[in-house]
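First up is the structure itself, then whatever we jot down about it.
The values are calculated or read from the model by the stated rules, or taken from the named source; none is laboratory data. Computed from a prediction, not measured in an experiment: that's the story for all the values here. Positions of Cβ are backbone-derived with ideal geometry, glycine not excepted, and every protein chain shown enters the neighbour counts.
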Amino acid sequence: MSIDWLQPPAEGEPAEGEVWLFLARLDPAPARLQALRAFLSPREEQRALSFATDALRGHWVAARGMLREIVGRAQDCPPAEVAFQYGAHGKPFVDGLHFNVSHSGDYALYAISPDLEVGVDVELPRIRRTDALARRFFAPGEQERLFALDEPARAVAFFKLWTCKEAFLKATGEGLSRSLRSYEINPTQGCVLWAKGADATRWSVHPLDPPAPYEAALVSEGTPSIRRYLHGTPKTIK
Ligand SMILES: CC(C)(COP(=O)(O)OP(=O)(O)OC[C@H]1O[C@@H](n2cnc3c(N)ncnc32)[C@H](O)[C@@H]1OP(=O)(O)O)[C@@H](O)C(=O)NCCC(=O)NCCS
């Protein structure tokens, strides 16, 4: 079933126990892109300059500028004044708000919560050798469930699971310092079944429904109430 992504309320922010998700397109009009770029810190501007093409630079600038808008609004602070800090494996954070961001193709996905740690992943499926990747990177139980499916259901399930697994790595902040085979996720049950050296019951798993053919997922601490919003675009997306 497809769920609407709605316009956010004009005011307000997530309450305790809530996660607000924002989906944004990364191809804004030139004037909007320029406005977003003006929010960047000198370090971010340096990173923007390092991209090889204008298209890649534009996508990254849009994603980071909108992250500043979303975090700034929740913190009641101008976007340019948001002060990011970075965890041991590169996860950005700010004081007083949990957030995470992912970008792929033409979309960025953001999650914010006042009290729950979050990780998100959005992917534009474009890899063909999904069976080989599953054998290499997925835990045995994940492989068993995946290879019980016929094509093309298996290819769809691969990306659903992949985004859930990435969102877990991003929720814990470990990134790829944790092996993809060191934990098992069941997207249908919405849970982490086990995770080496960690408390799997701390997390809930939420496959999302971005516009096709994208796949996306949220992993959150606890069992949040989730609201889905659009950022920076006037239309609803089903
Ligand atoms: C963080 C990581 C897990 C995700 O990276 P990714 O999927 O390439 O990129 P995403 O767009 O989803 O996320 C990038 C954002 O996550 C955030 N991030 C960076 N390090 C992070 C970490 N350790 N934890 C959580 N979030 C992190 C940043 O905001 C980053 O944004 P930026 O690139 O604009 O600075 C990264 O370690 C990585 O390199 N992943 C590669 C994925 C892969 O090869 N997977 C194989 C699966 S079969």
Would you confirm, using the coordinates I've provided, whether residue 96 is under 19 Å from residue 165 (Cα atoms) and surrounded by fewer than 17 Cβ atoms within 10 Å (Cβ to Cβ)? no
Selected residue (criterion: farthest from the chain's Cα centre (by Cα)) from residues of region 110-133 that are buried (at least 16 other Cβ atoms within 10 Å of the Cβ) and near the ligand (Cβ under 8 Å from one of its atoms): 123
Out of the residues in region 144-153 that are in a helix (DSSP H, G or I), out of contact with any helix residue (DSSP H, G or I) (no Cβ under 6 Å at 6 or more places or on another chain) and modelled with pLDDT of 95 or more, state the one that is farthest from residue 183 (Cα to Cα). 147
Please name all residue pairs, on different chains or six or more residues apart, with Cβ atoms under 7 Å, provided the first residue is in region 106-120 and is more than 18 Å from residue 24 (Cα to Cα) and without any contact (Cβ under 8 Å) to a residue 24 or more places away in the chain and the second residue is away from the ligand (no atom under 11 Å from the Cβ) and of a type in the set (A, V, I, L, M). none
Return a yes/no flag: does region 185-202 have any residue that is under 15 Å from the mean Cα position of the chain (by Cα) and of a type in the set (Val, Ile, Thr). no
Condition check for residue 160: out of contact with any helix residue (DSSP H, G or I) (no Cβ under 7 Å at 6 or more places or on another chain), charged (D, E, K, R) and in contact (Cβ under 8 Å) with a residue 60 or more places away in the chain: no
Could you check region 8-23 and list, in sequence order, the residues that are at pLDDT 95 or above and of a type in the set (Asp, Glu)? 16, 18
Where in region 1-85 are the helices (runs of 4 or more DSSP H), entirely inside, with at least 1 residues that are surrounded by 11 or more Cβ atoms within 10 Å (Cβ to Cβ) and touching a Pro at 6+ places or on another chain (Cβ under 9 Å)? 30-37, 54-75
Residues in region 146-170 that are out of contact with any Lys or Arg (no Cβ under 9 Å at 6 or more places or on another chain), among the aliphatic types (A, V, I, L, M) and near the ligand (Cβ under 9 Å from one of its atoms) total 1
How many of the residues making up region 87-107 are assigned to a strand (DSSP E or B) and more than 8 Å from the ligand (Cβ to nearest atom)? 6
